[in-house]
1. Let's see if you can work this out: charge +1 on each Lys and Arg Cβ, -1 on each Asp and Glu Cβ, no other charges. What is the dipole magnitude of region B:303-474 about its Cα centre, in debye to the nearest 20?
2. Taking the Cα atoms of region B:382-429, what is the range of coordinates along each of the three principal axes, in descending order and whole Å?
3. If r is the Cβ-Cβ distance from C:Ala304 to C:Asn403 and R0 is 22 Å, what FRET efficiency results, to the nearest 0.05?
4. Would you calculate the separation in nanometres between label points at C:Ile291 and C:Gln242, each defined as 7 Å from the Cα along the Cα-to-beta-carbon direction?
5. Enter the buried accessible area of the C/B pair, total of both sides, probe 1.4 Å, in Å² rounded to the nearest 100.
6. Could you do me a favour and compute the accessible area per residue for region B:399-439, 1.4 Å probe, result in Å²?
7. Counting other Cβ atoms within 10 Å, keep those with at most 15, restrict to DSSP loop, and tell me which trypsin sites (Lys or Arg not before Pro) in region A:213-256 are left.
8. According to a simple spin-label model (label point 7 Å from Cα along Cα-to-Cβ), what is the distance in nm between B:Gln382 and B:Asp40?
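The values are calculated or read from the model by the stated rules, or taken from the named source; none is laboratory data. It should be emphasised that the depicted structure is a prediction, and the values quoted were computed from it without experimental measurement. Every residue, glycine among them, receives a Cβ derived from its backbone with ideal geometry; neighbour counts consider all protein chains shown. Each accessible area value is taken on the protein alone, full model and side chains, heavy atoms only, with ligands, DNA and RNA left out. Shrake-Rupley method; radii C 1.70, N 1.55, O 1.52, S 1.80 Å.
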Amino acid sequence: MVKLAHLLVATFGALLVLNGCLARQSLGVPPQIGNACNLDNLDVLQPTETIKSEAGRVEYWDHNNPQIRCAGVSVSRLIIEQGGLYLPTFFSSPKISYVVQGMGISGRVVPGCAETFMDSQPMQGQQQGQQGQQGQQGFRDMHQKVEHVRHGDVIAITAGSSHWIYNTGDQPLVIICLLDIANYQNQLDRNPRTFRLAGNNPQGGSQQQQQQQQNMLSGFDPQVLAQALKIDVRLAQELQNQQDSRGNIVRVKGPFQVVRPPLRQPYESEQWRHPRGPPQSPQDNGLEETICSMRTHENIDDPARADVYKPNLGRVTSVNSYTLPILQYIRLSATRGILQGNAMVLPKYNMNANEILYCTQGQARIQVVNDNGQNVLDQQVQKGQLVVIPQGFAYVVQSHQNNFEWISFKTNANAMVSTLAGRTSALRALPLEVLTNAFQISLEEARRIKFNTLETTLTRARGGQPQLIEEIVEA
Amino acid sequence: MVKLAHLLVATFGALLVLNGCLARQSLGVPPQIGNACNLDNLDVLQPTETIKSEAGRVEYWDHNNPQIRCAGVSVSRLIIEQGGLYLPTFFSSPKISYVVQGMGISGRVVPGCAETFMDSQPMQGQQQGQQGQQGQQGFRDMHQKVEHVRHGDVIAITAGSSHWIYNTGDQPLVIICLLDIANYQNQLDRNPRTFRLAGNNPQGGSQQQQQQQQNMLSGFDPQVLAQALKIDVRLAQELQNQQDSRGNIVRVKGPFQVVRPPLRQPYESEQWRHPRGPPQSPQDNGLEETICSMRTHENIDDPARADVYKPNLGRVTSVNSYTLPILQYIRLSATRGILQGNAMVLPKYNMNANEILYCTQGQARIQVVNDNGQNVLDQQVQKGQLVVIPQGFAYVVQSHQNNFEWISFKTNANAMVSTLAGRTSALRALPLEVLTNAFQISLEEARRIKFNTLETTLTRARGGQPQLIEEIVEA
Amino acid sequence: MVKLAHLLVATFGALLVLNGCLARQSLGVPPQIGNACNLDNLDVLQPTETIKSEAGRVEYWDHNNPQIRCAGVSVSRLIIEQGGLYLPTFFSSPKISYVVQGMGISGRVVPGCAETFMDSQPMQGQQQGQQGQQGQQGFRDMHQKVEHVRHGDVIAITAGSSHWIYNTGDQPLVIICLLDIANYQNQLDRNPRTFRLAGNNPQGGSQQQQQQQQNMLSGFDPQVLAQALKIDVRLAQELQNQQDSRGNIVRVKGPFQVVRPPLRQPYESEQWRHPRGPPQSPQDNGLEETICSMRTHENIDDPARADVYKPNLGRVTSVNSYTLPILQYIRLSATRGILQGNAMVLPKYNMNANEILYCTQGQARIQVVNDNGQNVLDQQVQKGQLVVIPQGFAYVVQSHQNNFEWISFKTNANAMVSTLAGRTSALRALPLEVLTNAFQISLEEARRIKFNTLETTLTRARGGQPQLIEEIVEA
């Protein structure tokens, strides 16, 4: 019976039926997962689990939470301390991230692309077959593209692509990450699966897996590994470093000497967004102008890039497949918003995407309404908290005295929004006669509803607000 | 225990396991939903639930019916009485509809598109900022495109797009609607979810939801709504009209004065199908030539548009992504058919789609055969009834003395059919040797099977038929 | 209770919850199906069920096996004896096959395409309406394209497309087939469903269906069939040949006289791969240059076509949407490999696909590592055996004294691989500093890891190997 209960806990991917015989053992198993989404009560969510490493930690939101599971995603927050290195990792789902704080350099492995970053003088007049030996004399290192990342960057990673990040700044590097598990690129199940080229998870798996997690090389016979890499068995065993307890984020000893272009001045925002890397050598095969050099990140924190900009109210900036083409491939997009004090994001809903909103700074009141017209969330959301807003659900964001800053990930490469108030709103698109008959109001009242609010997206929120917030805080 | 049973009823989205302990409480919960389709017995289906409104009603087919659930759709029939207005509504899935009877005008909200329909003289030389006040003097109303719809129209609506319909005719306007819940555009669960910009469902939800359903605005704090729309709180509360018991289809008092182009003569069918709206003002932004003016409906009842036409036998007309490009986006298509008395739609199967066939007039005998070669349906289908024909299942339609008229929705933008008899049939594509060996028949017999029937799609059904029909009616 | 248990067995498409009350009846029902993949132990798989026919047999792998179910596929091996004819069949999922042995001719029904293969002189100056009668005099037969297939061919079939194969060689024709049930083209459930235009399965269904399976025509009223084909009822009943016990592969009596172009010499490999068929008649409608003549097979066994070629080590050849465009449509691809004795396929993982590897000859040791770094498979794989390698799972293949030949099907039209050793590997793409810090090794050791192995894909496996293999064989 114990074994059966165990099995139940392990198989959280479909609906479980509780019953008199097993009810005790099954407690804690979410019954609403599977095809049916229970979205009658949404919550402001915090991370529920932390995996610590030598030089940082990863904080996970519970991916079995009904809202997160219904949205088909998995969310985590990556904190890399100064001088910390997040070791090469990949996922079976595509990932979109936002750098909340700090700066660093990152690399992404694209199989088959040339190692276009090389120090010292390049190899000349040498035969391909001698490259290994020769390489050790003619240059120190060559590797694939390395890029600077910093506060405000949205980073897109395709399924199966290994990537690493090193914190070059003087404060922790904080990145909020979303795996789109329901994405077409993921051909495994709905569990978030982490594949490690290096590093491990000595605490045992997050997400209800109790066994220790090693890197990929650990599972091979060391003799096989030695033959594949043409190294001795002792070194192969070191690659499997199973005694290592540093986790997935390790502290770099001494300087981190990686070939990379100089960091441009932050004010050169236009150039920043189109890094071209160093001049290509004549041996390059052309591929690096295509997927090998595909742009994978975009800074959306620069006010000069705002899509909606209202002095004293705030701004909103989106990145979608038209601004960052790789998003077409991974079918995700993101929106960055800054709302100043006593302002409001006009009520709206997502037409074709789920939205995962993460507060990076400040606080605001968020109300969400479901398909039955019921209020399913009305809470203050603060820095570090997350709200899932399902497709079609209307919501409004109001700041009181503080700013409210957020990043929203959306599960569509070209997420569309329909606003419910303002110059581009659905109400304004309707004829007056539809409004008068729908709401049993006069023509004059309908005109006010359609034409009074001239703004789009953002507006000033006047009066009444503080009291409301206090009521909620008390409740 | 009662609570558990409740939970079971609520979570109809995945497989339920009945057992001795809970068997009673679980009765009525369909066990075959989830990944496995039980298609060994198909049925002719009627609506099982009606939601009444002031000026009409919506009749729903049970979306938990195994056939409908397996096809991944939800079907309803909308009846709008004379002078009735179906209030703005949207869905998280795309929708395809067919106007069975009557005529009306409809509008669809496309966020960000200009309000291109405006009465009186347009605004001139005015500043944008004064538009609200000014507008009330220089024009009566401006809103997005409004289109005439009438008997024979197929209407396509994308996920998240609000739409309304007003009955302008002198008889009830009847529309059969299909939501494609399994569509990639739906990012929620497999439950059909109705989002109301206005109106409500005072009877409590259809589809096993017992709570009353309000419009989207009801879930917001009225003070927030007042601020967003810059109206007073009293008017905001009227928008939430929670005391309203008129439902989702309301009676329009007096004339329905909406800006719209004149209705062209029905015989101008070619022009009808490409409405261009009134001349655009010079302020328009170009978008209205693209998604803002994307054609969303197509009349397929005009005999002049027939794809298959056989005098005295009938005709078949399809609309797919080549004739109505928006269908590429929502991945649905439709076929309209008229079969005269004593005729037959030759046996065939759908290669890449599920088909949902609805009888709009008359009656016919339909036989459906599953993957095991078993007859899973052999019944008379009459006006107002629906049959689900799963992908790959062969079927034949025979009329006796009456006409048979139908509309079929298919879950593929370019649904392909393979016929089993006639000049373009699979049997004719096969070499004679394959037929003689497969069926152990002579070369001469194989030749008859391949070449005797010269028609495609439709043929005359001679003799024997009445008797068969009577047998079935009796059984 | 018996009925309930029955129902449980029938609904294997979602998670089942075992419990004390029902545990006995539920035994044998896989608990891990549904959304959660249990991939902690992989196995080398053999077929578990054989359906015998008059002139051959079909061997099925258990599609409820967790690995196969998780991969979303169904696998079978088709053995057609000399002179055997596999009768026309289609599926609701796309299919990709590889001809392991033998040769034959095959036909594929494309609805609406012309019968471009015709013997004798073509019809001239005849009216369309007389074609049936006339045809019997002016020519013997006309039918759609027939193609030669042979050892080494990959064959792609779209959902709903009927196809037949005749063994023209002097040995059994052996074909390994994969149905991609999780493919977007399949709109039914996750059960493999076989639709038969002719033939049957007299033994009762495979895959847990106990009832006898007939051809599609059997389910229709014979009178209706007679009318549709304009034949007498007796002949219609013969088409339903329900007394036939020959199964789905029948023995052809006498010569198999089908119109077909002569088989070219096998050494003309380039021309072979682009068969154009006979000259088209002037009546053709143009369609046959498009989908009607779309290339559906490609020989990947010719060493001249190798993508990776290393004398004395082996070769690897892939076919994807760039080499066989129909694969873009069905979203599948295949890789053929030959590994000579004492060699190794370097460790790698699939970035965006599941891989189903089938051994066609010889044997090798395969190790697979999961996302936790655990070894989940380490076995000798022999001719006729199959291994499922999930997306992201790393694996290595080593031959000892024998060759190892395999075909891999991949669930992506452009499957991408990331190697873990060699010149294009992920390790080489990383900067030295990442390696030294990740594995706590010296710069010199990191250099060896990156640059020692110059090969890509294949390398020589030296020493140590025999002993390891023997250990495994003994265990």
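1. Details: 16 positive and 12 negative charges, 127 e Å.
Around 620 debye, computed over region B:303-474.
2. Taking the Cα atoms of region B:382-429, the three principal extents are 35, 28, 16 Å.
3. Values: r = 19 Å, r/R0 = 0.86.
Step by step, r from the Cβ atoms, then E = 0.70.
4. Roughly 3.5 nm, to one decimal.
5. On the way: alone 24080 and 24060 Å², together 40970 Å².
Buried: approximately 7200 Å² between B and C.
6. On the way: 870 Å² over 41 residues.
Accessible area per residue: 21 Å².
7. Working: sites: A:Lys230, A:Arg234, A:Arg246, A:Arg251, A:Lys253; in loops: A:Lys230, A:Arg246, A:Lys253.
Sites meeting the loop and neighbour criteria: A:Lys253.
8. Reported label-point gap for B:Asp40 and B:Gln382 is 3.0 nm.
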